[in-house]
Amino acid sequence: MKTKVFFLVMLIALACYSLCPISLFAQTYNITSMVNPDPDQNNLSFVWGLDNNNVFAGGENGVFLKYDGSSWSQITIPFQFGFFYSIYGTSPTDVWMTGGNGVLAHYNGSTVENVNIANSNPLGKIFGFSQNDIYVCGFNGTVKHYNGSNWSSIPNSYSNFHFFSMWGTSGSNLYFCGQDSYAPYKSRLVHYDGLVFTELKSLDDGGFTEIWSPDSNIFYIAGNNAVYSYNRINNTIEQVYTGFIQSLYGFDANNIIIAKVYDAYYDSLVVYNGVSWESFPSDCYVNSIFSPTNNPNSVFLVGRGGCISLLDITTGTEVSQPNVSSQLNIYPNPSNGGEINIDLNSNSKATVIVLNSVGQQVQTIFSDGSSGKEPLKINGDLPAGVYFVKVKTDAGDYNQKVIITKN
C-alpha cells in the first residue's frame, strides 16, 4: 500500500471554536492506496461493507471485489451483470447487488446467483433493514420489496419517474429521490409511509442522485449540480453546496463528505463540519464513499481506473509524503512571492496543475505532454495561502503542498 497525505487549511476562525458544532474532521488527511486484484482495472462504481473485514466493491463488466481486512480478492459473477449500481447486505453470506439491464444478484458467501424479480427496468439503490425487509428502486416507477422469501412490486403513480436512491429508518418511513424520465424532467423527493407515496419537493436540478439524513428531520440530497438541505419539519429546501457531485456520505449532522468533480480528469473530496464546506485533493476520481463502521478514520473510496483507497479523515499528525521528494522538487517553498520553480523528475507524459486550499484549479502548468527536464513554474501572482501541486504521470501520481506567504 502507498500512503498519500493531503493538508486542508481550516477557514473557521478560532473565535468561533467554542460555539461551532463538534467536528470529527481534522486538518490532515491520510489516504492509503489499496491494491486492486482486477487485472483490467475496471472502473469501480460502488462500495459498501458490513464491517472493516467484510467490504464489497463493484464496477464495470461485473467486476466484484471483497476486502477481508487485509487484502482485496475478486469474486466471479458467472453471468452477464454489467455495471454495478448498488450493494447492500445483512451478513457476509447475504449480499445483494443491482446491475446493468435491471439485473439483481445475490452473493451467499461463495457464489453469486442471478435473481429473477420480474423486472425489465434499470435498477438503482438497494437498501434494507434486515434479511426479511429489503427494498430496491429503479426506473419507470420501479419499487420492489423482499420479505425474506419473495420480491413483490409496490404500486405507485410515478411511472414517469426514475427512482435513483433512497434512505429510511423502516419500511414505513422511506424517502426516495430521482428525476422525471421525460418533460418536465423535475428532480423530486418522495416519502413512503408503508402505504402511500407523498411528494415533498421538486426542483429543476437535473436529477437528485443520493439522499441521506442523520435524524429524519434534516436531509442532505446530492444533485447533478449541487447539494441540497431539506428540512422535513417546515418542508423547505435550500442549496448548500455547488458542484457536480459523484457521491455523498454522512457520519452525523456536522460531519459529511462528498466527492466532487471539477474537470474531466480530477476531483476533490469535500467535507462539511457543521459550519462550512472545505475541499482537499483526492488520489483518484472517486465514484463512491462508504464507512462500514460509520467512523471517519476508516472510509473506503472507489473510482475510475479501479482505484481503491482507505481514507482516515480524523488524523491530526502530519505524515511524510512518499514518492514526492524523489520525483517532485518545488522551490522556494515557502515563497514570499515571485515565480516558484518545479523540477519534475519524469520523462513520461505528465499533467501538472495547481489547486487552492478548497480544491479549485487555479493554474495548469503542463498538460498531457512529455515533461522531461523542461522548466516548470508556478504563477508568482497567486494570493497568499496554501496550494497543492498535483501531478499525474504514467509512472504514478504525485502531490505536494506549497505555501505562499508574501510577507
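Bear in mind these aren't lab numbers, they're just calculated from the coordinates by the rules spelled out. In this text the structure is predicted, and so the values were computed from the model without any measurement. Heads up, the Cβs are rebuilt from the backbone with ideal geometry, glycines too, and the neighbour counts pull from every protein chain shown.
Under the rule a/c < 1.5 gives rounded, and otherwise a/b versus b/c splits prolate from oblate, where does the range 202-313 land using the Cα gyration tensor? Walk me through the intermediate numbers first.
Numbers: a/c = 2.02, a/b = 1.35, b/c = 1.50.
It is oblate, given that a/c is not under 1.5 and a/b is not larger than b/c.
Could you check the spin-label model distance between residue 113 and residue 71? Points 7 Å from the Cα along Cα→Cβ, value in nm. Taking the two extended label points, one gets 3.0 nm. Considering only alpha-carbon pairs that sit under 8 angstrom and 6 or more positions apart, the relative contact order computed for the range 46-140 is 19 percent. Modelled this way, with points 7 Å down the Cα-to-C-beta line, the labels at residue 152 and residue 238 are 4.3 nm from one another. Scanning residues 5 or more positions from residue 307 or on other chains, those with amide H under 5 Å from its amide H are 44, with H placed 1.01 Å from N in the peptide plane. Residues whose amide H lies under 5 Å from that of residue 365, counting only those 5 or more places away or on a different chain, are 352, 353, 354; hydrogens are built 1.01 Å from N in the peptide plane.
Want the number for residue 181 to residue 53: 0.36 nm per residue separation, take away the alpha-carbon distance, what's left? If you can, show how the numbers build up before the last one.
Working: separation 128, 0.36 × 128 = 46.08 nm, distance 3.90 nm.
Full extension from residue 181 to residue 53 adds 42.2 nm.
The simple Förster model, with R0 at 51 Å and r as the Cβ-Cβ distance, assigns residue 35 and residue 193 a FRET efficiency of 0.65. Selection among 233, 175, 92 by position relative to the dipole of the range 82-238 gives 175 as farthest towards the positive end (Cβ unit charges, Cα centre).
By average Cβ neighbour count within 10 Å, what is the ranking of 69-75, 94-100 from highest down? It would help to have the intermediate numbers written out before the result.
Details: 69-75: 11.9, 94-100: 22.7.
Taking the mean over residues of other Cβ atoms within 10 Å, the ranking is 94-100, 69-75.
Which of rounded, prolate, oblate describes the range 65-137, given a ≥ b ≥ c as roots of the alpha-carbon gyration tensor eigenvalues and a/c under 1.5 marking rounded, otherwise prolate only if a/b is larger than b/c? Here the range 65-137 falls in the oblate category.
Net length available on complete extension from residue 61 to residue 275 is 73.0 nm, with 0.36 nm assigned per residue and the Cα-Cα distance removed. The amide H of residue 226, built 1.01 Å from its N in the peptide plane, has 243, 245 as neighbours under 5 Å, considering only residues 5 or more places off or on other chains.
Rounded, prolate or oblate, given the Cα gyration tensor of the range 164-257, with a/c below 1.5 counting as rounded?
Details: a/c = 1.61, a/b = 1.03, b/c = 1.57.
The shape class here is oblate.
Model label sites at residue 120 and residue 216, defined 7 Å from Cα along the beta-carbon direction, differ in position by 3.8 nm. Phi angles across the range 186-201 convert, under the Karplus curve 6.51 cos²θ - 1.76 cosθ + 1.60 with θ = phi - 60°, into 3J(HN,Hα) values of 6, 8, 10, 10, 10, 10, 10, 9, x, 10, 10, 8, 10, 6, 9, 8 Hz, Gly and Pro given as x.
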